Ligand SMILES: [Zn+2]
Ligand SMILES: [Zn+2]
């Protein structure tokens, strides 16, 4: 088969790769129904994260099970399944606490921008649906594999409750779905930080009540103006830069919560500032597996349409254009169809 490989900055190729096969008895092989490009794929694509050898890409996936190893009991060939970008046994102590993305046997999925994928720890990683869902639901279902699960974790880790005042830093797909998640959790007010008209529109559609276009200190001042001078109850940091992290912490009221789900690049925190900020910090790679059953239900019941973050759909073999469009911010998120 052919799969996606990153060779260096701005050099993505769709080329011959070995066919995935069962290696461990706990593996499953799935045929992809849809996959996509992630905002986090742009870090190595832009050279912000050096790569030393050709690197297979992709970690968001859903599809039909083709084959399972002899130890797999909870999924079977023919079923439609969705899994997290981090595999999990779903039984170890970290999994039982709900932190499946820190599973003691975790592996990261890295070859999903391809027509076929091997998923280790299939029983603990994959969630099957009761039937094969219709095509129009695929984009929304695919988001549960990472971006929606990550946005949901951002809102959960920031302790969003009914009536909360929420700020979302970052207008990428994760930030936008953080807004949707906060809305689902009953937030009273949701302030989105965005300068981009198309993204502002989607932010409002997902539940944002206010838009702030300023960044840095000005952005913090604007948020304070909107929140009786104290800052927000919950701030979701969905970017991963020094500026966005600082803005998130400074926009949180004393006693409030800052969550961070953007993979940090060059972020350093000042101990004294943190000490006097009086905020609770919680973040990391989202334990998507914890939320998958609930999020799949919300999509299948028509309660949410997170698939709207995909504003570009391409055949899988045009994956390089999918990266380019996101890099140039022509697309929020690219869906790839094998
Ligand atoms: Zn991702
Ligand atoms: Zn585990």
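Below is a table of values for the structure above.
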item	result
Cubic angstrom per residue, convex hull over Cα atoms of the range 220-282	72 Å³
Listed peptides 267-273, 296-302, 60-66, 184-190 by packing density, highest first (mean Cβ within 10 Å)	60-66, 184-190, 296-302, 267-273
Rh (Kirkwood; distinct C-alpha pairs) - the range 179-246, Å	12.5 Å
Rel. contact order, % - alpha carbon contacts under 8 angstrom, at least six apart, the chain	18 percent
Dimensions in Å of the range 291-330 - Rg and Dmax from alpha carbons	13.9, 35
Two-decimal log10 I(q)/I(0) for the range 27-108, as the Debye equation yields it once each C-alpha is a single scatterer, q = 0.17 Å⁻¹	-0.87
Distance histogram in 10 Å bins (all Cα pairs of the range 234-338, percent per bin)	13, 28, 33, 20, 5, 0
Volume in Å³ per residue [convex hull over Cα atoms, computed for the chain]	127 Å³
Alpha-carbon centroid distance for the pair the range 314-332 / the range 138-180, whole angstrom	22 Å
Contact order relative to length of the range 128-180, as percent, for alpha carbon pairs under 8 angstrom and 6 or more apart	39 percent
Interatomic Cα distance distribution for the range 97-165, bins of 5 angstrom, percent	3, 11, 16, 24, 20, 14, 8, 4, 1
Whole-number D in µm² s⁻¹ for the range 45-170, Kirkwood Cα-pair radius fed into Stokes-Einstein, 10 °C, 1.306 mPa s	97 µm²/s
Cα Rg over Rh - the range 148-283, Kirkwood	0.92
Value of relative contact order over the range 148-283, rounded to a whole percent, pairs C-alpha under 8 Å and six or more apart	25 percent
Proxy reagent accessibility, fewest Cβ within 10 Å first, across 237, 321, 197	197, 321, 237
Part-to-part distance (alpha-carbon centres) for the range 1-61 and the range 90-110, which is given in Å	21 Å
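A short reminder: the numbers here are calculations on the coordinates, not readings from a lab. Values in this document were obtained by computation on a predicted structure and should not be read as measured data. Note that each Cβ is placed from the backbone with ideal geometry, even for glycine, and that neighbours are counted across all protein chains shown.
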